[in-house]
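Report on the following structure.
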Amino acid sequence: MGGRSDAVRRHRGPPLRDAPSVGILDIAFHRASLATPRGSTKPERDRRRAELKVVRAGATVVRHLRLEADRFRKEPLSPFETTLVARRFGDGTLDRSLLRVRRAEERVRGLQRETERAVRRLHGPELLGEAVRAYYGRLSSFVREIDPDLARLRDIRDFLAQRPSVDPTRPTLVVAGFPNVGKSSLVARLSSARPKVADYPFTTLAVALGHADVGFDRLQVLDTPGVLGRARHANPAEAEAEAAVERAATVVLFLLDPSESCGYPLAEQEALLARWHAERPELPIVEVETKADLARGNGGRLGVSVRTGEGLDELGERIRALIAPDVRLPPLEEAVEEGADGGADGVVDLPELRAPPAAPPRRRSGRTAPPPRARGRRPPTR
Ligand SMILES: Nc1nc2c(ncn2[C@@H]2O[C@H](COP(=O)(O)OP(=O)(O)O)[C@@H](O)[C@H]2O)c(=O)[nH]1
Ligand SMILES: [Mg+2]
């Protein structure tokens, strides 16, 4: 995890070539070297050149430090992203790195002002040159000191760029369960997502997002890596699945594989499910058994198979019943247009996820219904 920042943190000695400070300082000193001072006498121009170097180098460093942190300061992370980052990089790591970068910005600005004042009082190219060199040295060490933080911010930015952006204001179905039970296969059937399906555990290493039409709204469907439920030994992929369940789920679809062809005994899968129910009593969890073409459990749960299509319609109905009551319906005209074809722009228009003809849309609710709740938790309905 966080390979680059670890490398930077472990490194002692001259700066690494790809340490963030190297690029930032290169640009800053280059810009400073281009200073062309005005002035009628040489001593005037010497002093002015030194001043310009100090100002330009400092300002460029500060601007680049800001750029490194902008991703996090300008658009705050969603609770789901915050949890993903905390699980992967450690609790509070992001905030600590942001704080250290902020402090470095302030130190650089302070040093710059102090050096500007000192340079104004100096005479002669030697003294001025010496002051600028000393300034460059301190500036460099301020930036190098926060290399691990800058590297970590870049790692976190890359990590988040590889994760789908889940809209917290829309309903989200999180598909979870042990490895290999058929989560990705089912997500591919239920939504526009096309996750990789394979016959070995931890094929899915990160959350993946698809969409499906539910009534008139779009349901976000999150495929997750398998979880084994070992409290203390969750690998990064499992931690990601748990973050999705805790922070992104409106409804969890928990899949069990009674055929055990996934490689895990059904009893172990049941134990994890029971624990989730106990730990999250407020979270609606739909329990479904997969691979119904191979085996059936005896708990009376709905069985589905992506091979034969068995149970998929009914599963769609159950999900819709949980999600749709809260879904804000658009004004009628829009609804008619959109209802005509939901299959565009990568959204799968599944008949089994659409409103049944028996339940006519609540026409006036476009204005009066409460907006979809921002953070998924809904009371387990009916
Ligand atoms: N017979 C049968 N095999 C299935 C079914 N669903 C998934 N599989 C197989 O189970 C294995 C794991 O599927 P995958 O969707 O990758 O599981 P995940 O790890 O939970 O995402 C793959 O070999 C799938 O082809 C099903 O309904 N019936
Ligand atoms: Mg998978």
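We did not get these values from a lab; they are worked out from the coordinates using the rules stated. Treat the numbers as computed from the prediction; the structure is a model and nothing was measured. A quick note on method: Cβ atoms are made from the backbone with ideal geometry, for glycine too, and the neighbour counts reach across all protein chains shown.
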Using a Förster distance of 51 Å, the FRET efficiency for Ala35-Asn235 (Cβ separation, nearest 0.05): 0.45
Reach of Lys42 by Cα under 23 Å, taken over lysines that are not fewer than 8 positions away in the same chain: Lys53
Over the C-alpha atoms of the range 157-305, what are the Rg and the largest Cα-to-Cα span, Dmax, in Å? 14.4, 46
Dividing the alpha-carbon Rg of the range 3-161 by 2.2 N^0.38 Å yields what? 1.21
Among the lysines, select those whose C-alpha is under 30 Å from the C-alpha of Lys291, and discard any that sit fewer than 8 residues away in the same chain. Lys183, Lys196
Two-site FRET efficiency, Glu114 against Arg63, from Cβ-Cβ distance with R₀ of 30 Å, rounded to 0.05: 0.95
